[in-house]
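Here the structure comes first, spelled out in structure tokens, and everything after it is commentary.
Every read-out reported here was derived from the displayed coordinates using simple, explicitly stated rules and does not represent laboratory data. Note that the coordinates shown come from a computational prediction; the quantities given were computed from them, not determined experimentally. Virtual Cβ from ideal backbone geometry, glycine too; neighbours counted across all protein chains shown.
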Amino acid sequence: MGKITSALKKAAEERIDRFDKINRIKEHEKIVIKRMSNSKVDPKIVAYFDPKALITEQYKILRTNVLSVSKGTRPKVIVVTSSVHSEGKTVTALNLAMTLAQSTQKPKVLLVDADLRRGRIEKYIGVKQKVGLTEVLMQKNQFSDALFNIDIDNLTFIASGAVPENPSELLGSEKMKLFLSAMKREFDHIIIDTPPIISVTDSGIVGAQSDGVLMVIQAGRTQRGIIRRAEELLHQSHSKVLGHVLTNIEYHLPEYIYRYL
């Protein structure tokens, strides 16, 4: 009876220890990622509102193409930029991050607003976050203070934060490299929204630290010469261009396809 009692006691202690560890992990997760329950997501983020919409399907195709662009290791850190302003890069980054998070494998996805000059991710997901990437890189806060999510458990955000005096220097700093290294250990995919490459050098700086860059182009607006110049700047910064995303396209599908969908 003594051996049985000891065995039962040991098993009970192991269960208590296991539950204790689980509780500590849960407490850690709550501290690291804050939930913003009062978010008001912009209707342009179609993947959030309607995962089966025709436009969402196009972002799913983009997701598939991005993940299969290389026959070897899948790109983990992806930078999204454009040639000039207002081409839809932030909306593209958000919808791509959403569709990645909606994958059947439920990967852990991080969307970083690295447009330290005029970040827009907060605006599009309808939240206000005081601590962002600027505060992390200036060592005013830990990166865990900047992480937050809304109501998609496996999609986490980092806002841009306050506008610093030296955005390019911060993005090219050793602190940025350490930040990305830490995030790569925590997340399966990291999408980074950056400023237009023609305007400032920031995209090239971050692109060189990533696995590749997606360049967003607005159909009927951006001239070919500007696109070629943007690609030259990315190549000069040693950034790998994964591909191009064409936005603002109008097309018509046969009626029977609409009925089928």
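Quick notes on this structure:
- Protection-proxy order for peptides 41-52, 193-204, each taking the mean of Cβ atoms within 10 Å per residue, highest first: 193-204, 41-52
- Pair Ala208, Asn141: separation of 7 Å Cα→Cβ label points (nm): 2.9 nm
- Cα centroids of the range 164-229 and the range 45-116: 14 Å apart.
- The listed peptides 223-236, 126-139, ordered by packing as a protection proxy, come out as 126-139, 223-236 (highest mean of other Cβ atoms within 10 Å first).
- Semi-axes of the equivalent ellipsoid for the range 123-194, Cα gyration tensor, largest first, Å: 19, 16, 11
- Length released on extending from Lys128 to Leu67, taking residue separation times 0.36 nm less the Cα-Cα span: 18.8 nm
- Ordering 95-106, 76-87 by mean Cβ neighbour count within 10 Å, with the highest value first, yields 76-87, 95-106.
- Seen from a random direction on average, the alpha-carbon convex hull of the range 34-260 projects onto 12.8 square nanometres.
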